[in-house]
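First up is the structure itself, then whatever we jot down about it.
The values are calculated or read from the model by the stated rules, or taken from the named source; none is laboratory data. Computed from a predicted model, the values in this text were never measured in an experiment. Cβ atoms come from the backbone with ideal geometry, glycine included; neighbour counts cover every protein chain shown.
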Amino acid sequence: MTFAEIGCGVYRDGKRLATRDQSQSTSEAGEFRTWDPHHSKLAALILKGFMPPITDSSLVLYLGAAAGSTASHVSDIARRGLVYALEFSPRVMKNLISVCESRPNMIPIFADANHPETYSHLVDEVDIIYQDIAQRNQAEIALKNVKCFLKDEGYLILMIKARSIDTIANTREIFGKEVEKLQEGVSVLETVKLPQYRDHLAVIARK
Ligand SMILES: C[S@@+](CC[C@H](N)C(=O)[O-])C[C@H]1O[C@@H](n2cnc3c(N)ncnc32)[C@H](O)[C@@H]1O
């Protein structure tokens, strides 16, 4: 494998992506960790040609971290920054905590993203909010968190899952409505379809 850096801390070899392992649990720190676009919408977005504005010192609020797979790659990239990894399912929280244990820049938060007031004492203002949550009110959740935590001119990266909002309506209509709602709180810069994820749209916006 010959990975070459394509942006801040992200490496590519043909269709393969990787970050450099920043975890402290193995002797492999600094080694390439492959990043599968079929299991990470953020990796799919990067392969589509969009480089997220995450730097090595970014503060990131990650909503819907699940077991921490994509969030751990974000923590590799933001190695001198911080990733607040928020999740509300007790089932996956255990795995998320164990991922965070070996990563000093990753903080697990067990909370519902609908209620930022319940974790506002734990989270500082951030440069980036990344949201990957399958709920009916995805734009509303994003805007609540933007209002509470995103710095002026900070970025929101939102993965919209149409079928969690409406199971039968036309996906273009669903995306259109969600983007319209988002415009009430952020400027939408770009929308990107992800070939690996049917009925999803990545939205990149700025406060
Ligand atoms: C599609 S998965 C996230 C996958 C993850 N982003 C990754 O790439 O590794 C969505 C996650 O969002 C969580 N979730 C859904 N609604 C939530 C809410 N209101 N607050 C916090 N987490 C939520 C789910 O429990 C689930 O683990």
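If you check 192, 186, 179, which single one turns out to be modelled with pLDDT of 95 or more, surrounded by 20 or more Cβ atoms within 10 Å (Cβ to Cβ) and either in contact with a helix residue (DSSP H, G or I) (Cβ under 9 Å, 6 or more places away or on another chain) or among the β-branched types (Val, Ile, Thr) (or both)? Give the derivation first.
Numbers: 192 fails: surrounded by 20 or more Cβ atoms within 10 Å (Cβ to Cβ); 179 fails: surrounded by 20 or more Cβ atoms within 10 Å (Cβ to Cβ).
Just a single option satisfies the conditions, and that option is 186.
Looking only at the range 18-70, count every residue that is aliphatic (A, V, I, L, M), part of a loop (DSSP other than H, G, I, E, B) and within 10 Å of the ligand (Cβ to nearest atom) and tell me the total.
Narrowing the range 18-70 to residues aliphatic (A, V, I, L, M): 18, 29, 42-47, 51, 54, 59-61, 63, 65-67.
Pick out the ones that are also part of a loop (DSSP other than H, G, I, E, B) and you get 29, 51, 54, 65-67.
Filter once more, keeping what is within 10 Å of the ligand (Cβ to nearest atom): 65-67.
Counting residues in the range 18-70 that are aliphatic (A, V, I, L, M), part of a loop (DSSP other than H, G, I, E, B) and within 10 Å of the ligand (Cβ to nearest atom) gives 3.
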Of all residues being of a type in the set (D, E, K, R) and surrounded by fewer than 15 Cβ atoms within 10 Å (Cβ to Cβ) in the range 117-139, which is nearest to the ligand (Cβ to nearest atom)? Just the residue, please.
136
Filter the range 71-97 down to the residues that are near the ligand (Cβ under 8 Å from one of its atoms), part of a helix (DSSP H, G or I) and in contact with a strand residue (DSSP E or B) (Cβ under 8 Å, 6 or more places away or on another chain) and list them by number.
71
Of residues in the range 101-116 being in a loop (DSSP other than H, G, I, E, B) and in contact (Cβ under 8 Å) with a residue 60 or more places away in the chain, the one farthest from the ligand (Cβ to nearest atom)
104
Per the filter on the range 19-64, residues touching a residue at least 60 places away in the same chain (Cβ under 8 Å) and among the hydrophobic types (A, V, I, L, M, F, W, C) are 42, 44, 45, 50, 54, 59, 60, 61, 63
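Mind counting the residues in the range 135-169 that are free of Cβ contacts under 8 Å to residues at least 40 places away in the same chain and among the small types (Gly, Ala, Ser)? Break it down into steps so the answer makes sense when it comes.
Narrowing the range 135-169 to residues free of Cβ contacts under 8 Å to residues at least 40 places away in the same chain: 135-137, 144, 147-148, 161-169.
Right, trim to among the small types (Gly, Ala, Ser) and you get 162, 164, 169.
The qualifying residues number 3.
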Taking the options 54, 6, 46, 77, name whichever one is in contact with a Gly (Cβ under 9 Å, 6 or more places away or on another chain) and more than 16 Å from residue 129 (Cβ to Cβ).
46
